[in-house]
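Written below as structure tokens is the structure these notes are about.
All of the numbers you see were taken from the coordinates with simple rules; none came from a lab. Remember, predicted model here, so these are calculated numbers, not experimental data. No Cβ is skipped: glycine too gets one built from the backbone with ideal geometry, and neighbour counts run over all protein chains shown.
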Amino acid sequence: MNENQTTANSSNETFQEQYTTFLKSKAFVSPATGFEPRKITKPLFQFQKDIVDWAVRRGRAALFEGCGLGKTIQELEWGTQIFEHTKGMGLLVAPLSVSIQIKSESIKFGYTARLVSCQEECKPGINITNFEKLHKFDGSKFTFVIIDESSILKSFNGETRTLIIDMFSGCAFKLAATATPAPNDYMELANHAEFLGIMRRPEMLATFFVHDGGETSKWRLKGHARHDFWRWICSWAVNIRKPSDLGYKDDGFDLPPLDIKEIIVDSENKLDGYLFELPASSMDERRKARKASTGARILEAVELCNVLHREDQIMVWCDLNYESEIASKWIDGCVEVSGHHDDDYRADALSGFIAGHNRVMVSKPSIFGFGMNLQHCHIVIYCGLSDSWERFYQSLRRFWRFGQREPVTAYLIISNQEQAVLQNIKRKERDVDLMMAETARFMSDISSKKIHGAVQETDKYIPKESIKIPLWLTTQK
């Protein structure tokens with residue numbers, strides 16, 4: 001064999017290896033990067049154990065699980081296993097109130113974790129902090145990271161979203177957990193994939209989506225790519241609302257009855273240029289309609305708290321400071337928690353509410369509406385609604401969740417001009433149901449040994465023709 005032939009064969013082999021690597025990179029199933037998990041000894045349900053086993057094998061995964069399915073204990077178990085395998089330092093990031101509760105849960109279930117406020121306080125193992133303090137940490141120092149309530153990644157250009165993705169880009173092991181991964185926006189799934197290091201957002205869009213008409217900011221899932229898209233999602237994410245979605249029994253995971261009562265109050269606001277009251281359509285019109293109905297809505301909330309449910313514990317949700325301030329002055333036995341209160345005050349108020357010392361809590365969904373376990377209370381009042389389905393769903397699920405022993409009653413108090421907001425919430429609810437139905441078909445085979453992505457699963461490619469490189473391309477001068 002002459003020198004030119006040897007060079008050609010060597011180059012041909014190199015090209016084939018590169019082409020094989022290229023094909024693997026285009027596979028619609030994300031390969032695992034983790035390791036074989038150890039036996040779980042903590043009191044997890046079987047479906048929780050199997051999900052943790054899968055997540056450890058994956059190395060980088062997302063837990064899209066309904067409220068009350070035990071994401072916290074799964075996060076703690078996953079983090080503990082990563083630490084025992086690597087002996088490295090990990091960071092668990094959560095909303096402020098949730099981070100305090102996660103620390104309590106770690107003690108309850110026998111896990112070692114510590115609350116920290118800056119990098120200097122971190123040690124090997126699980127360190128817990130909140131999103132507000134994230135800028136005080138160096139992401140390159142951590143072997144693993146856990147993002148609780150990872151729906152915060154939904155904002156494409158959000159400062160926190162960008163900080164999280166960039167800060168932990170070099171982290172070997174990553175876990176994201178939320179009950180609301182993408183209620184009406186596929187881009188949030190793209191942000192999760194980018195955070196986990198699975199696929200960049202532009203690549204996901206180019207692979208599975210097309211521009212919707214002439215609006216380049218709107219994307220539509222390709223019809224022929226629907227199956228591959230959800231198969232790809234399910235290779236790195238578990239998406240369930242109850243154990244039976246994965247073939248397990250729902251024993252102990254049955255939701256109590258939910259009674260949603262809509263209370264429509266009259267608004268004295270008339271839109272400019274119109275003789276009669278019309279439904280508010282634009283955001284500006286909705287803000288004006290909401291402000292004009294403040295007194296009527298708060299009177300309804302006060303009557304519910306002080307008369308109809310005067311013996312019950314109640315949570316009153318207000319989105320605006322002036323609503324919260326006025327309501328708290330008129331409701332008997334209540335405590336208000338707003339944005340200007342410090343961490344210690346919030347913790348004391350929450351503890352008092354859980355213990356029953358404070359009969360009524362008045363606060364915002366942005367403060368206590370995500371991740372908290374408040375199933376000791378079963379009466380919820382919304383003193384108005386925003387267009388955010390996620391905010392409504394998450395805040396309602398603090399009470400209507402697995403473990404709640406009483407039927408839950410939720411009062412939605414809105415003005416007659418704001419009914420478009422309620423219809424928008426209901427539409428987004430239907431979108432979520434559709435997404436869950438699609439993903440459930442691909443997640444039904446989960447077990448401790450068999451789940452999409454648990455092993456190095458890739459799309460099969462069977463070449464029928466060998467690659468031949470022209471001699472003139474490989475001949476060296």
If you take every DSSP beta bridge whose two residues both sit in the stretch 25-247, what share of them, in percent to the nearest 5, is antiparallel? 15
Can you compute the label reach from ASP250? Point 7 Å from Cα along the Cβ direction, backbone N cut-off under 19 Å, restricted to the stretch 35-53. 45-48
Fewest Cβ neighbours within 10 Å first, please rank PHE402, PHE195 accordingly. PHE402, PHE195
What full-extension length gain, to one decimal in nm, is calculated for THR160 and HIS340 as 0.36 nm per residue of separation minus the Cα-Cα distance? 62.8 nm
What is the extension gain from ALA347 to LEU299, computed as 0.36 nm multiplied by their sequence separation minus the C-alpha to C-alpha distance, in nm to one decimal? 14.4 nm
Which of LYS108/LYS133; LYS136/LYS222; LYS133/LYS428; LYS71/LYS428 have a Cα-Cα distance over 30 Å? LYS136/LYS222; LYS133/LYS428
In nm, to one decimal, how far is the THR41 label point from the ASN306 one, both placed 7 Å along Cα→Cβ? 5.7
Classify the stretch 200-262 as rounded, prolate or oblate, taking a ≥ b ≥ c as the square roots of the eigenvalues of its Cα gyration tensor: rounded when a/c is under 1.5, otherwise prolate if a/b is larger than b/c and oblate if not. oblate
Environment charge of HIS85, counting only residues whose C-beta is closer than 10 Å and scoring Lys/Arg +1, Asp/Glu -1: 0
Counting only other residues whose beta carbon sits under 12 Å from that of ALA349, what net charge do I get with K and R as +1, D and E as -1? -4
As a footprinting exposure proxy, order GLU336, GLU121 by other Cβ within 10 Å, with the fewest listed first. GLU121, GLU336
Residues ILE147, ILE425 arranged by fewest to most Cβ contacts within 10 Å: ILE425, ILE147
